1. Of all beta bridges DSSP finds with both residues in the protein assembly as shown, what is the antiparallel percent, to the nearest 5?
2. Based on alpha-carbon centroids, what's the gap between the range B:31-109 and the range B:182-200 in Å, whole number please?
3. Rounded, prolate or oblate: which one fits the range A:253-385, using the alpha carbon gyration tensor with axes a ≥ b ≥ c (rounded when a/c is under 1.5, else prolate when a/b beats b/c, else oblate)?
4. Which shape class applies to the range B:194-317: rounded if a/c is under 1.5, otherwise prolate when a/b exceeds b/c and oblate if not, where a ≥ b ≥ c are the square roots of the Cα gyration tensor eigenvalues?
5. Which residue, A:341, A:358, A:76, tops the fluctuation ranking in a GNM of chain A built on C-alpha contacts under 10 Å?
6. Can you give the relative contact order of the range A:253-385 as a percent, counting alpha carbon pairs under 8 Å and 6+ residues apart?
7. Over chain A, calculate the relative contact order: mean separation of alpha carbon pairs under 8 Å at least 6 apart, over the residue count, as a percent.
8. Can you compute the radius of gyration and Dmax for the range A:243-301, using only the Cα atoms, both in Å?
C-alpha cells in the first residue's frame, strides 16, 4: 500500500551494487597491460579474491573472473566455496596457517597451490605423504613485509627441503613468492625487487609476485622469464592502490557502487546544530538530508569531516554535515535543494546518470585506503548484482 | 588429522564471544539505577537493540533482555525478527522513515510504538484508518540533533493533530520523544533538557527520553513523573558512552569479547621492518606475532598506531606493530615472548583468565567510539554465545 504524501522507499537501508562486467573488463585491462611488457612466456594471472572478493561477493567475482588463469583465496573455507561455485582452474591458498593435511590432500580442491611461510608448515608437508596429489608450493620470501615468510639462510634450507619433496614426487612444483611491503612507492619497490632478485639468483624455479600497486606502476616492465604468475586483487575491482591515482584514471571500471536512500529532507535555520556533539552548525538557512546509511553498515565515522556524497541520478556532490550516526548520516543539501525523500544517494561508485565518485577519493577523505572501505561493509548491506 | 609440529588452530579467523548473562546483568544494573532516583511511577526501560543489537546478535539480545519493559529497533525487518524470536512485550520502532501502513496495521507486531518525525509521516498516519489497532505514537522533538523531528510551532501543530487521532480512537497514546545530541557533556545535556522541558510545558502527555550517556551521568536525578519511558542501548552491552569512563568502572559487564588466534610467531632482527609501508621497524631483536584478524573483519586500520591486544589466557598486553592488513595484524611480543601459535589473542573484552581490555579503551586508541567498533564487525566474524 502506498500512501498519500510519503514516498515509498522500498528499503530504507543501503545496498552495494556490483557490476560484474566491470570486473571482467578490469581483468582484460590487466591482461593487456601484462602482455604489453613483452615477456615470454606471458605471466599468468592470479585473480585474488580474498575477503569475500574485496567485499564484492565470491559468487559475483567467480562468475566475472572465468578468464583468470587462477583464483587466490586466503581461507580454506573460501577454497571449497570457490570450487562449489564451479571454478575448475588453479586455486592458490595464500596462507597455510592453520591448514590441515586433510585439506591439502583433498582431490575435491583440484589443482591446488599453497604458500609456505615457515618451518612448521614445511614439517607438515614433509609428514603429509601427499604422493600423487600434484601439489604446487610457493615459498614466501619475508622481504620487508617481515610478518610472513623466510629469508636466507633459512630460506635456502627450506627451499632445498621443498626441492627434495618435489624430486620424491610429493610436490608437482616449487617456486618463489614475494609479497611487496611498499609497492606504491617506486623507490621502495625497486629496492624490494632487487633484494628478491638477489635471493632467487641463488635458487632455480619460477616466481610468483606482483600486486595491484606494482601492476599500476612499472611492474610489467620489470618482469622476466622466471615470472610465471602475477597476483592482483584490488585492481580487478576497479580501484587503484597508488596515492592520488584512481582506477578510473587508469582506465579501470569501478565494480562497486554503494547507495542509500535519502530518508528525509529537513529545513534548518542558520545557526542551528545538526548531529551528535552538535558537530555541524549551519551558517545559513539550508536543507539537511538524512541518508539511510551509518557506521553500523561499515562507513567510517571519520567520513563526516571531509566526505561528500552524490545526490540523485545526476550525482550532485553534497558535503557530509555532522557526525555519522549508527544508521544514518546527514548531508547539507543547500538552500535550493531539488532532492526529495526517496532519491538515491551514492557514497562511492557510479550513479544511474553516469556520475562517478571514486572509492579512492572517499578513502582519502576518511584517512584510509580503498581496500578498507570495500572489505569492511557489514552484513547489513546487501550485495546486488547489476542486471 | 593433526600433524607433527604445527598446531591445530580450529579456525584461523576471529570470533566474537557474546556473554548473554552480562547483558542481563547490565539491564538489572540499569533498573536499580533508575529506581534509585525515586520517581513515581518508576520509568519503564526500552532496551535499544538497533544495528543487530549493537553487533551482539538479535537472538542473543532478545534472550538476555526478557526482563526489559520494551525492545526498540530501527528497522521494520528487525521488528518482525524480534517477534519471531518470541518477544511478546512492547516494541518501539525508532524511525518511521519508509514505514508502510501495512506494517503499522499488522496485528502480528503486537503492542507497537512508532516515532513520528515529520508531517509526511503524520499524513501517512492520518490516511491510515488504523482504528482499533491501538498504536502508540511518540512525536520527536528536533532539539540540537536537528536531523530528525520538529520544533515549535510545527511541533505544536503536529502534536494537536496526533491528539485528534487519539480522540478518534485511531491511536492508543501520544507522547513526546527527545533524542539528545550531546548527553556526554553535562552542561550541554542540562541545556538540552531545559529546552525539552520548555517545549513539553506547553503540551500534556508522557515523555520518552534518555540514552546511555545520560543514564551513566546525572539522568535519573533529572526524571520527573512525566518520564514514562527511558531508552538505553550501549550500556546494556557493557560499554560506557562517557569519555574516560568505562562500563567496568560503572559496574557493568562487557558483553562482547573479540578474539583471534595467534597464527605465527616470528623472530625479527633489530632494524628489520614489519607491515605494509615498512610501518614498524624493530629497535631490538624481538618476536612478532601474526594475529588472524584484520580490517576486512571490521577492525579499523587506525588501530595499529596506539592499539594493544591481550595475549593468551593471562592477557599479557602487547602493542600492535605495523599497519593492520586485510586478514591479519601484527603485534610485538617482545624478546622473551612465551606465546605460541594457536594462543588466543583478545582485541577487546575478557580473556579466559579474567583479564579485561575495555572496548572503550580500544575505541579511544582508534579515535572513535565503542559503538562503532561493536556494530561494524563484518559477516566474516562469527558470533558465539558463551555457554
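1. Rounded to the nearest five, the antiparallel share is 50 percent.
2. 25
3. On the way: a/c = 1.79, a/b = 1.39, b/c = 1.29.
Prolate, since a/c reaches 1.5 and a/b exceeds b/c.
4. It is prolate, given that a/c is not under 1.5 and a/b is the larger ratio.
5. A:341
6. 29
7. Once normalised by length, the contact order is 18 percent.
8. That works out to 16.4, 44 Å for Rg and Dmax.
Bear in mind that the values in this text are calculations on the coordinates, not laboratory data. This is a predicted model, so every value here is computed, not measured. Counting neighbours? That spans all protein chains shown, and the Cβs are built from the backbone with ideal geometry, glycine included.
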